[in-house]
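Novice: Take this structure, written in structure tokens, and hold onto it; I'll ask about it next.
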Amino acid sequence: MSSPIIVRTVAEMRAHVRAWKTAGQRVALVPTMGALHEGHLSLIRIARQNADRVVATIFVNPKQFAPHEDFDAYPRGEAADVEKLASVGCDLLFAPNGAEMYAPGFASAVSVSGVSEPLEGAARPQFFGGVATVVAKLFNQSQADVAVFGEKDYQQLQVVKRMARDLDIPIAIIGAPTARAEDGLALSSRNAYLSAPERAAAVALPTAMKAAAAEIAAGGRIDAAEQKATAALQAAGFGQVDYVEVREASDLSRLGPGPIGDAQGRILIAAWLGKTRLIDNMAVG
Ligand code: PAF
């Protein structure tokens, strides 16, 4: 398949999207921070199934990183990313620089309360404000009809859905299933930070998560399953476990401590392996 058109400015992206829409074509957006892997490519494929044209974005968004986080170290490699996008038939790549996204004097922020507050929001207080701000901008800039986000970042998906609903942004949001390695580890750009022994130990995370989900689905207590999963992670060599929590699937309110009953739940985990923070989640109940 051919290489995507690469544009660096909002004006260029809008001109392409306007021409496609004038021709009656539906446009899908896949926002990313680059360092693309099979998980991102699965999002592009889903976008293709839901639209005539696919726009991917690559922007490592400084606003969603705290000063002590890995903004500078975050893996970057546009040439390799472009090849991958070409292999799945992406039409256009929007890869702006920092000044195009945040012009001098930029002074606005989008804040989503409630669903953004626990879990990642508690562990990374800056994160969802930065995500909501940049995603609102990308929605406005692209004027896409539909956007695809991975369920790997499940809380992000719920925050983006809430934000688009609350701000009346006319875009449909699709959540795409998490792409996994053969051993079950969720694909993530940050897996590149893992040493070989850490990568081998990392499989304990999906294993503990699946065991907890099965125990709860079989009628077990949520608090006991969460504690068992935490202990399994620590036994496998994980350091700090930021959270292992079962929450309601759409508003992310806390479930438990007893059995799940009829609720639609989601188990969400974040834990450190060496210097790498891994997250994962799956449906429960
Ligand atoms: O999930 C990501 O890669 C980022 O949080 C996103 C949605 C591209 C916003 O910067």
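The values are calculated or read from the model by the stated rules, or taken from the named source; none is laboratory data. No experiment lies behind these values; they were computed from the predicted model shown. As a convention, Cβ positions derive from the backbone with ideal geometry for all residues, glycine included, and neighbour counts pool all protein chains shown. Note: areas computed on protein heavy atoms with side chains; ligands, DNA, RNA excluded. Shrake-Rupley method; radii C 1.70, N 1.55, O 1.52, S 1.80 Å.
Novice: Filter the stretch 204-234 down to the residues that are aliphatic (A, V, I, L, M), open to solvent by 40 Å² or more (accessible area, probe 1.4 Å) and in contact (Cβ under 8 Å) with a residue 12 or more places away in the chain and list them by number.
Specialist: Once the filter is applied, which keeps residues that are aliphatic (A, V, I, L, M), open to solvent by 40 Å² or more (accessible area, probe 1.4 Å) and in contact (Cβ under 8 Å) with a residue 12 or more places away in the chain, the stretch 204-234 yields ALA211, ALA217, ALA232.
Novice: With the checklist (1) touching a strand residue (DSSP E or B) at 6+ places or on another chain (Cβ under 9 Å); (2) not in a loop (DSSP other than H, G, I, E, B) in hand, flag the one item ARG162 doesn't pass.
Specialist: (1)
Novice: A further question follows. Kindly indicate whether LYS152 is at pLDDT 95 or above, closer than 19 Å to GLU245 by Cα and either within 12 Å of the ligand (Cβ to nearest atom) or open to solvent by less than 40 Å² (accessible area, probe 1.4 Å) (or both).
Specialist: yes
Novice: Tell me which residues, restricted to the stretch 250-269, are within 21 Å of VAL112 (Cβ to Cβ) and either open to solvent by less than 20 Å² (accessible area, probe 1.4 Å) or acidic (Asp, Glu) (or both).
Specialist: Selection gives ASP251, LEU252, LEU268.
Novice: May I ask you to say which residue of ALA73, ALA51, ALA56 is more than 21 Å from ASP145 (Cα to Cα) and of a type outside the set (D, E, K, R)? Let's see the steps before the verdict.
Specialist: Values: ALA51 fails: more than 21 Å from ASP145 (Cα to Cα); ALA56 fails: more than 21 Å from ASP145 (Cα to Cα).
Being more than 21 Å from ASP145 (Cα to Cα) and of a type outside the set (D, E, K, R) holds for just one of ALA73, ALA51, ALA56, which is ALA73.
Novice: Another question, then. Could you tell me how many of the residues in the stretch 154-167 are more than 29 Å from GLU12 (Cα to Cα) and out of contact with any Ser or Thr (no Cβ under 7 Å at 6 or more places or on another chain)? Please lay out each step first, then the result.
Specialist: Filtering the stretch 154-167 for residues more than 29 Å from GLU12 (Cα to Cα) gives 154-155, 158.
Narrowing further to those that are out of contact with any Ser or Thr (no Cβ under 7 Å at 6 or more places or on another chain): 154-155.
Qualifying residue count, the stretch 154-167: 2.
Novice: Can you pull out the residues in the stretch 192-202 that are under 18 Å from HIS37 (Cα atoms) and open to solvent by less than 30 Å² (accessible area, probe 1.4 Å)?
Specialist: LEU194, ALA202
Novice: Something else: Can you name the number of the only condition in (1) in contact with a Ser or Thr (Cβ under 6 Å, 6 or more places away or on another chain); (2) closer than 19 Å to ASN61 by Cα; (3) open to solvent by 10 Å² or more (accessible area, probe 1.4 Å) that ALA179 fails?
Specialist: (2)
Novice: Let me ask something else. LEU157 versus (1) in contact (Cβ under 8 Å) with a residue 24 or more places away in the chain; (2) within 10 Å of the ligand (Cβ to nearest atom): which is the lone unmet condition?
Specialist: It fails just one condition, (1).
Novice: Which condition number in (1) open to solvent by 10 Å² or more (accessible area, probe 1.4 Å); (2) within 30 Å of ALA28 (Cα to Cα); (3) free of Cβ contacts under 8 Å to residues at least 40 places away in the same chain is the one that PRO118 fails?
Specialist: Result: PRO118 fails condition (3) only.
Novice: Looking at the stretch 84-99, is at least one residue closer than 21 Å to VAL159 by Cβ and open to solvent by 30 Å² or more (accessible area, probe 1.4 Å)? Spell out how you get there, then give the answer.
Specialist: Taking the stretch 84-99 and keeping what is closer than 21 Å to VAL159 by Cβ, we get none.
Scanning the stretch 84-99 turns up no residue that is closer than 21 Å to VAL159 by Cβ and open to solvent by 30 Å² or more (accessible area, probe 1.4 Å).
Novice: Of all residues in the stretch 1-26 being assigned to a loop (DSSP other than H, G, I, E, B) and of a type in the set (Lys, Arg), which is farthest from PHE149 (Cα to Cα)? Reasoning before the result, please.
Specialist: Here is the first cut: in the stretch 1-26, the residues assigned to a loop (DSSP other than H, G, I, E, B) are 1-4, 8-9, 23-26.
From what is left, the residues that are of a type in the set (Lys, Arg) are 8, 26.
Details: ARG8: 22, ARG26: 17 Å.
The residue in question is ARG8.
Novice: Select the strands (runs of 3 or more DSSP E) contained entirely in the stretch 27-143, then report the ones holding at least 2 residues which are within 28 Å of LEU252 (Cβ to Cβ) and within 14 Å of the ligand (Cβ to nearest atom).
Specialist: Numbers: elements: 27-32, 53-58, 92-94.
By residue number, 27-32, 53-58.
Novice: Could I ask something else about it? Could you look through the stretch 15-27, keep only residues that are touching a Lys or Arg at 6+ places or on another chain (Cβ under 7 Å) and within 17 Å of THR57 (Cβ to Cβ), and pick out the one that is least open to solvent (accessible area, probe 1.4 Å)? Write out each step before concluding.
Specialist: Restricting attention to the stretch 15-27, the residues satisfying the condition of being touching a Lys or Arg at 6+ places or on another chain (Cβ under 7 Å) are 20, 25, 27.
When the remaining residues are screened for being within 17 Å of THR57 (Cβ to Cβ), the result is 20, 27.
Numbers: TRP20: 25, VAL27: 1 Å².
This residue is VAL27.
Novice: Among the residues of the stretch 32-83, write down those that are touching a Lys or Arg at 6+ places or on another chain (Cβ under 9 Å), farther than 21 Å from THR133 by Cα and without any contact (Cβ under 8 Å) to a residue 40 or more places away in the chain.
Specialist: ASP52, ARG53, VAL54
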